[in-house]
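Asks: Got a structure for you, written out below as structure tokens; questions coming shortly.
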Amino acid sequence: MTGVSLKDIKKSYGGLEVVHGVDIEIDKGEFVVFVGPSGCGKSTLLRMIAGLEEITGGDLKIHGQRVNDVDPSNRGVAMVFQTYALYPHMTVDQNMGFGLRMNGTPKAEVAKRVSEAAKILQIEELLDRKPKQLSGGQRQRVAIGRAIVRHPQVFLFDEPLSNLDAELRVATRLELAKLHQKLAGSTMIYVTHDQVEAMTLADKIVVLRKGRVEQIGEPMELYENPANLFVAGFIGSPKMNFLDLEGGEGLTFRFKDASTVALSGDAAAQTAVLGLRADQMTLSEPDEGHFAGTVSVVERLGDSEFVYVTTEWGQELVVRVPGGTNTQMGVLTGVVLSGRTHFFDGEGRSFPVFRSLWTKADINRG
Amino acid sequence: MPHDASVSIRPPVLSPRMRRVLISVVLAAVCAVWIYPLLWMVSASLKDNAAIFANEGLIPERPSFENYVRAWKEANIGSYFFNTVFVTVGSVILVTIASSMMGYVLGRRRFVGRGLIFALIAFTIFVPQGYTIIPVFDLLTRMGLGQSLWGVMLATCGGSFVIFVLLFAGYFSQIPNELEEAAKMDGVSFIKTFWFVMLPLARPIVVTVVVMQTLYAWNDFLLPLVVTLANPSIRTLSVGVYAFRGENFIDWGGMTAASTISILPVVILFLFLQRYFIDGLAGAVKG
Ligand SMILES: Nc1ncnc2c1ncn2[C@@H]1O[C@H](COP(=O)(O)OP(=O)(O)OP(=O)(O)O)[C@@H](O)[C@H]1O
Ligand SMILES: [Mg+2]
């Protein structure tokens, strides 16, 4: 069943269009993350769903009903703001119950719902405090609590973790995932520019760029089969390495130095860029790889090491090697392309059709 | 400065403690000059008319409350007191509500002509009160309020209304949008959001406005003098005090006693609210 459906949604500020016709289908109960770089229109999109921004064009449906012109409070959505937006002069209890009280919900019912939400979020002992007396993480919970008491069908989160420190962010991320399970059936739409949050939380990720949808899919789907260079570079950490190919004879391509690589398959001729994640390359002796480079930096993470290699044509690549390999900086090394390789054409699109072929692509040193 | 440059440490001319003492003495002297007229007034109110000009210093030799009794009874101060309370309380309520609502809309809503309204409002600050008294009186008369206490009260709302609106507008414009949006998501109406969220947040400004309007309404002289010329029964205290000035003889004792009575309430109010008041002004300035 469809929870939220966006059809050709557009948004203009004055004459300037910032969201250019977005189509997204969100199932009921799904956890969807909108992710993209700063200024791509994530917040704008979320605020249009919330009803805080007018929709310039297209249809927004919630549970099958067109709600373009429905008041925010009547859409069955609740929003958690990045800055929490708690009312500073009210206690936690009053903050959470404020909306209900203002709309004439009986006192007993308000109290019941507030204590219910407080229990879910484990903030029962904070109910009498003012927001000023709470830590960032606690404020965040209260803000979520204020959404929960309304029993919304759709939760909207705009970068709810970005004001927290790194450790708390990870902890709260986990809490959110649990919360989604506890509130089974409620749809959650979550905005972030952090692809790790997107990967870890989402049932479905929507990657946005400059007001357009680049790709929609499950986290691993986007990771394994990015539709284009942008998604490939955005999803996954460390970033995917891109190797530009220069046309050679037939299906033999040149890297930017003299090294060559031979590709096979139907669409091989259109290939312009190879994409390899850090764990899809290995290091070798300088003359045994597809090409050679110099180790510039090594980041030791314990279980693995990220080795940054500067190629002979001056590009920096990152290669993941097992922890304890103890690669030395400044040494010459060979780089072997191995494992899964992504192929992109001159426009930056990947080749979804020939994907299976390419995984077996035979890459030889020319 | 290079890192190895040596910094010579000069001992201060005065120790910090001496400096504090010196500053306190200077400030106390300034305060004394400042407060002298007030002390003179209180002192005079406790003397009889002959003693006032006998140059006997601020401490009365034979203090008496006779002036107060005379002021209260004969000069009608009792009923003027009521008039003043009516004008003050009424105008404070009206001014606070109206200026906060205007400031809210001007500070937070973008609408066509907003800049123009701001400019016009700001412009009126530069029009001296004296120039507008006659037109205001004329307006009251046309509205049939020229001879009533309600008229005095309404006219008194004018005072610093514009400044209050600007104070509120400045304060409200800094409250983050999300608060309003959160209320909107909760389905809280515009008016309720204003009343239950925004106005409580603006408490420092509310207190400032209440105190300043109270002072203004309580002490205003020129406007009530003109409006009540023809009708002594609706005089306020400040005008009533002026009536001690007879044709040939000024009853200084009665006048100072009446003055002391009239400023007592505002002094008490200030003592109670000064913390909020100063917070509010500081908040409005530092933004
Ligand atoms: N009120 C406005 N008037 C004009 N342009 C706006 C307005 N609000 C947003 N924009 C523009 O719309 C685009 C999308 O903004 P939006 O806030 O949705 O970005 P975002 O993806 O949420 O970015 P961030 O990650 O920085 O929050 C931006 O280019 C921004 O400049
Ligand atoms: Mg944003």
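Asks: Quick one: check the C-alpha center-to-center distance for region A:260-280 versus region B:172-233, whole angstrom.
Replies: Spelled out, the Cα-based centre of one part sits 70 Å from the other.
Asks: Which whole-number percentage describes the relative contact order of chain A, with Cα contacts under 8 Å and a sequence gap of 6 or more?
Replies: Details: 764 pairs, mean separation 56.3, N = 366.
Over chain A, the number comes to 15 percent.
Asks: Treat region B:17-164 as a sphere of radius equal to its Kirkwood radius over Cα pairs and apply Stokes-Einstein at 20 °C in a medium of 1.002 mPa s; give the translational diffusion coefficient in µm²/s, rounded to a whole number.
Replies: It diffuses with D of about 106 µm²/s by this estimate.
Asks: Run the simple label-point estimate for B:F65 and A:S12 please: 7 Å along Cα→C-beta, distance reported in nm.
Replies: Simple spin-label model gives 7.8 nm for this pair.
Asks: Please list, by residue number, everything in region A:11-42 whose backbone N is under 20 Å from a paramagnetic label point 7 Å out along Cα→Cβ of A:M220.
Replies: A:30-33
Asks: Give me the net charge of A:G314's neighbourhood, meaning all other residues with Cβ under 13 Å from the Cβ of A:G314; Lys, Arg count +1, Asp, Glu -1.
Replies: -3
Asks: Same structure again: For chain A, which longest stretch is free of loop sites, where a loop site is one of the GluC sites (Glu not before Pro) that DSSP puts outside H, G, I, E and B and that has at most 14 other Cβ atoms within 10 Å?
Replies: Here the longest segment lacking exposed loop sites spans A:55-248.
Asks: Any idea what the dipole of region A:2-234 comes to, in debye rounded to 20, about its Cα centre with Lys/Arg Cβ at +1 and Asp/Glu Cβ at -1?
Replies: Values: 29 positive and 29 negative charges, 150 e Å.
The dipole of region A:2-234 has a size of about 720 debye.
Asks: With +1 on each Lys and Arg Cβ and -1 on each Asp and Glu Cβ, how big is the dipole of chain B about its Cα centre, in debye rounded to the nearest 20?
Replies: Using only the charged Cβ atoms, the result is roughly 600 debye.
Asks: What does the charge count around A:S73 come to, taking other residues whose C-beta lies under 11 Å from its C-beta (Lys +1, Arg +1, Asp -1, Glu -1)?
Replies: After counting each charged neighbour, the total is +1.
Asks: What number comes out for the charge environment of B:F221, summing +1 per Lys or Arg and -1 per Asp or Glu over other residues with Cβ under 14 Å away?
Replies: Summing Lys and Arg as +1 and Asp and Glu as -1 gives +1.
Asks: Next question. Grab the Cα-Cα distance for B:I268 and B:S189, subtract it from 0.36 nm times how many residues apart they are, and report the gain in nm with one decimal.
Replies: Details: separation 79, 0.36 × 79 = 28.44 nm, distance 3.82 nm.
Working it through step by step, the gained length comes to 24.6 nm.
Asks: For each pair in A:K42/A:K182; A:K7/A:K182; A:K42/A:K178; A:K210/A:K256; A:K119/B:K184; A:K28/A:K182, compute the distance between the two Cα atoms and list the pairs where it is over 19 Å. If you can, show how the numbers build up before the last one.
Replies: On the way: A:K42/A:K182 26 Å; A:K7/A:K182 30 Å; A:K42/A:K178 24 Å; A:K210/A:K256 30 Å; A:K119/B:K184 26 Å; A:K28/A:K182 15 Å.
Correct reply: A:K42/A:K182; A:K7/A:K182; A:K42/A:K178; A:K210/A:K256; A:K119/B:K184.
Asks: Follow-up question, since we're still on this one. Please name whichever of B:I59, B:S45, B:S24 sits farthest to the positive end of the charge dipole of region B:12-64, dipole taken about the Cα centre and charges placed at Cβ: Lys and Arg +1, Asp and Glu -1.
Replies: In region B:12-64, that residue is B:S24.
Asks: Let me ask something else about it. Which one, A:P238, A:A262, A:A202, projects farthest toward the positive side of the charge dipole computed for region A:130-269 from Cβ point charges (K/R +1, D/E -1)?
Replies: Working it through, the farthest residue towards the positive pole turns out to be A:A202.
Asks: Of chain B, which part is the longest with no chymotrypsin sites (Phe, Trp or Tyr not before Pro) in a loop (DSSP not H, G, I, E, B) and with at most 15 other C-beta atoms within 10 angstrom?
Replies: Longest gap between qualifying sites, sites excluded: B:127-220.
Asks: Shifting gears a bit: Assuming 0.36 nm per residue, please report the length gained on full extension of the stretch B:E74 to B:I278 beyond their Cα-Cα distance. Write out the running numbers ahead of the final one.
Replies: Details: separation 204, 0.36 × 204 = 73.44 nm, distance 3.85 nm.
Length difference between fully extended and current span is 69.6 nm.
Asks: What FRET efficiency comes out for A:S304 versus A:E109 if R0 is 35 angstrom and r is the Cβ-Cβ distance? Round to the nearest 0.05.
Replies: 0.10
Asks: Contact order normalised by length for chain B, with contacts defined as Cα pairs under 8 Å and 6 or more residues apart; what percent is it?
Replies: Reported as a whole number, the value is 29 percent.
Asks: Testing the spin-label approximation: label points 7 Å from Cα along Cα→Cβ at A:D165 and B:N55. State their distance in nm.
Replies: Here the modelled spin labels are 7.3 nm apart.
Asks: Suppose each label sits 7 Å from its Cα in the direction of the beta carbon; what would the A:R349-A:T325 distance come out to in nanometres?
Replies: 3.5
No value in this document is a laboratory result; all are computed from the given coordinates. Just so it is clear, the structure is predicted and the values come from calculations on it, not from any experiment. Counting neighbours? That spans all protein chains shown, and the Cβs are built from the backbone with ideal geometry, glycine included.
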